[in-house]
Each structure stands twice: as C-alpha cells, then as structure tokens.
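The values are calculated or read from the model by the stated rules, or taken from the named source; none is laboratory data. These numbers come from a predicted model, not from an experiment. Note that we place each Cβ from the backbone using ideal geometry, even for glycine, and neighbour counts take in every protein chain shown.
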Amino acid sequence: MAETPTNPYPQIAVANDLALADLRAALAAGWRDFLAHPIYGLFFGAIYVAAGLALAWALTARGGSGLLLTVAAGFPLVAPFTAVGLYEVSRRREARLPLGWGAVLGALRGRGDDQLLMMGGFVFVGFTFWIILAHGIFAIFLAESGIGSESLEIFRTNAGLAMLAVGGAIGALVAYVFYAVTVISLPMLVDRDVDFLTAIIKSLRAVQANGPVMLGWAAFIAMALFVAMLPAFLGLLVVLPVLGHATWHLYCRVCATT
C-alpha cells in the first residue's frame, strides 16, 4: 500500500480577532526587548541611518534634491528586511536561547534554505520599483523643472503640490501592498521552516482577517518612521529596533502552529 505524501510544512492558523490592545502589548514587548539588548537594535538601526544619509548625500551631491522626498518616502519599504536580525533577537529572548552576534547575524541567511534570500530579493525589487515609479511621477508633473531639481522649493509650486498629492496616493498604495506581503511573512521565515510563498499568503491572510487593526499598525509604522527620519534619520536608531521587535510579538500573536 502506497504511503500518503505528507506536507513538509506545519499548518499555521491565522488569528482573526486582533484588537488595538494587541498593538499596545506588542509595542510594550518590543520596547522591553530593545532595553534588554540595545546593542543589537542600535547596530541594525545604525545601518539604516547610514544608508539613509548616504542616499541623501548622493542625491543632493548630484543636484537631485527634488527627488529626495520621493525617494525617502519609499525608503521605509526596506525596513522589514533590515529588521530580520531583530526578529531573531526577540525569538531567542522569548525562547530563553543564548544570544550572540553569530546567531543574530546568521538569521540573515535564513534557516539553511534560500527562502529568506528570495524574500530579500523581493524587497529589493519592490524598492527599485518604487524608485522607478517615483521618478516617472516626478517627470510627468515637473518636466519643466527638470528631473532632480536643485531645490525643494519646487514642491511649493502648483505642479509640485499636484505631484505630491498623486505621488503620495500611489506611494501609500504601494507601501500598503508591500506591508501586507511582508509584515507576517518575514518573521515567519525567521521562525519556521516554510517556503516564502506560503509565508506571503499567510501574511496577506492575516492582514485581510484583521483589516482595521493591521491598517492601524501600518499607519503607525509609517508615521513613526517618517518622524524618525526628520532629524537626519537619527531617530531610526531607536524607532526602527522597537518597531522590529514589536512586529515579532505581533506575529506571535497572529500565528499559531496546528
């Protein structure tokens, strides 16, 4: 009698009863994780700050100040992948496993397969897509000013304001789709042996099943990252790790193995 093939991946249930209290609990847990092991959070936050400063310098040095705002708006798209190491810190702290740089940085390689690497490629493609899209929107509305105008004053013109309105709406849609795909899938790939397509499906399902709460979490993340970037990206040293740790705890609340 032939054996029935078994599913190599665990069945993962997705909660549909999230409340605002769960977001507050996740943030509190994320703050505790950051205070317990600040060196890891500051390390990953510093990488993000350095990347932001380098990008800003590259644009302004090439006379592209006008594109700085649109590029900065898409920069948080890569934040979830930057937080992979933070997910591992929270996972190990919760499981009372030993913490060390080898284990934390090793999480960036995934669980011995290419699933997390493929998600990283997805994140990179998504950010590149936004840059191309933002560049096109900039060109459509501000062709007379020239791509990469020298001054942010162009955003005070009628064309500049129209570009901000249209670009902001499109950017918000792109960012939300990207958020829905990664918010649960990335911590799941750190935590469990699943393929990246399964992780993406579970993430989309979690967002769909908890629409208002997950939308609120997305809005909070966007607002917090935007405010943190204002003082030369330096606020990200604290905001990014706290949000990363908090997202891990939210993932734990959303998903359960059956």
Legend entry - Count of segment 129-145 residues which are closer than 28 Å to Gly244 by Cα and at pLDDT 80 or above: 3
Inset, instruction - Six or more apart or on different chains, Cβ under 6 Å: which pairs go from a residue in segment 178-197 that's free of Cβ contacts under 8 Å to residues at least 12 places away in the same chain to one that's surrounded by fewer than 22 Cβ atoms within 10 Å (Cβ to Cβ) and of a type outside the set (Phe, Trp, Tyr)? Could you list them? - result: none
Inset, instruction - Answer yes if at least one residue in segment 112-122 is over 21 Å from Leu240 (Cβ atoms), among the small types (Gly, Ala, Ser) and either outside any helix (DSSP H, G or I) or at pLDDT 90 or above (or both), and no otherwise. - result: yes
Inset, instruction - Go through the residues of segment 204-218 one by one and say whether even a single one is outside any helix (DSSP H, G or I) and surrounded by 18 or more Cβ atoms within 10 Å (Cβ to Cβ). - result: yes
Inset, instruction - List the number of the failed condition for Gly148; all other conditions in (1) at negative phi; (2) modelled with pLDDT under 80 hold. - result: (1)
Inset, instruction - Test Arg192 against the stated conditions and say whether it is surrounded by fewer than 20 Cβ atoms within 10 Å (Cβ to Cβ), basic (Lys, Arg) and either under 26 Å from Gly110 (Cα atoms) or modelled with pLDDT of 95 or more (or both). - result: yes
Inset, instruction - Please go through segment 156-195 and pick out each residue that is part of a helix (DSSP H, G or I), closer than 27 Å to Leu23 by Cα and more than 12 Å from the chain's Cα centre (by Cα). - result: Gly168, Ala169, Ile170, Gly171, Ala172, Leu173, Val174, Met188, Leu189, Val190, Asp191
Legend entry - Lone qualifier among Ala232, Ala228 - being surrounded by fewer than 20 Cβ atoms within 10 Å (Cβ to Cβ) and either out of contact with any Pro (no Cβ under 7 Å at 6 or more places or on another chain) or among the β-branched types (Val, Ile, Thr) (or both): Ala232
Legend entry - Exclusive hit being at pLDDT below 90 and among the charged types (D, E, K, R), set Arg62, Arg24, Arg91: Arg62
Inset, instruction - State which residue pairs qualify: first residue closer than 23 Å to Ile47 by Cα and part of a loop (DSSP other than H, G, I, E, B) and inside segment 230-258, second residue at pLDDT below 95 and among the β-branched types (Val, Ile, Thr) in any location, beta carbons under 7 Å apart, and separation of 6 or more residues or different chains. - result: Phe233/Val49; Leu234/Val49; Gly235/Val227
